[in-house]
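> Take this structure first; my questions come after.
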Amino acid sequence: MTVMTKTTMGTKLPRKLEQKMAVVGEQIKLARLRRNLSVAQVAERATCSPLTVSRIEKGVPTVAIGIYLRVLYALQLEDDILLLAQRDEMGRALQDLALTRKRERASKKKATNNK
């Protein structure tokens, strides 16, 4: 019998994702600074620790998305989360391809039924 142990995904992200997390953290930090708020003030408003806010600003990947939402809310930027995956150019292209293929099949089927 094999013993299954609970494993968690490592905290190490691919370099490209680490860079994106760093950019997000920097953007959140700049938003805080533009509002002239301290890390402690944002932490209090977001009901988390100042260390957690600092970790978000550094792009640490282990901070839960719910905490990100609370920090965005504290900065009055909570609607920005709705921009994630909004454009989805690849998904829309794949959807268009699938629709085109269905239309082609439907037209071929129609043509054989009319004969």
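FYI, it's all coordinate maths here, none of it is from the lab. Note that the structure is predicted; figures quoted are calculated from it, not measured.
> Under the Karplus relation 6.51 cos²θ - 1.76 cosθ + 1.60, θ = phi - 60°, what is the ordered set of whole-Hz ³J(HN,Hα) values for the range 47-58, x standing for Gly and Pro?
6, 9, 8, x, 4, 5, 4, 4, 5, 4, 5, 8
> Got a sec to turn the phi values of the range 83-92 into Karplus ³J(HN,Hα) couplings, 6.51 cos²θ - 1.76 cosθ + 1.60 with θ = phi - 60°, whole Hz, x for Gly and Pro?
7, 5, 6, 5, 6, 6, 4, 5, x, 5
> While we're here: On a full-extension model of 0.36 nm per residue, what is the gain between ARG45 and ILE65, subtracting their alpha-carbon distance, rounded to one decimal in nm? Please list the in-between numbers first.
Details: separation 20, 0.36 × 20 = 7.20 nm, distance 1.63 nm.
Here the segment from ARG45 to ILE65 would lengthen by 5.6 nm.
> Further, regarding this structure: Ordered by residue, what ³J(HN,Hα) values in Hz, to whole numbers, does the range 31-40 give under the Karplus form 6.51 cos²θ - 1.76 cosθ + 1.60, where θ = phi - 60° and Gly and Pro are x?
Per residue, the Karplus-derived 3J(HN,Hα) values read 4, 5, 5, 4, 8, 6, 10, 7, 4, 4 Hz.
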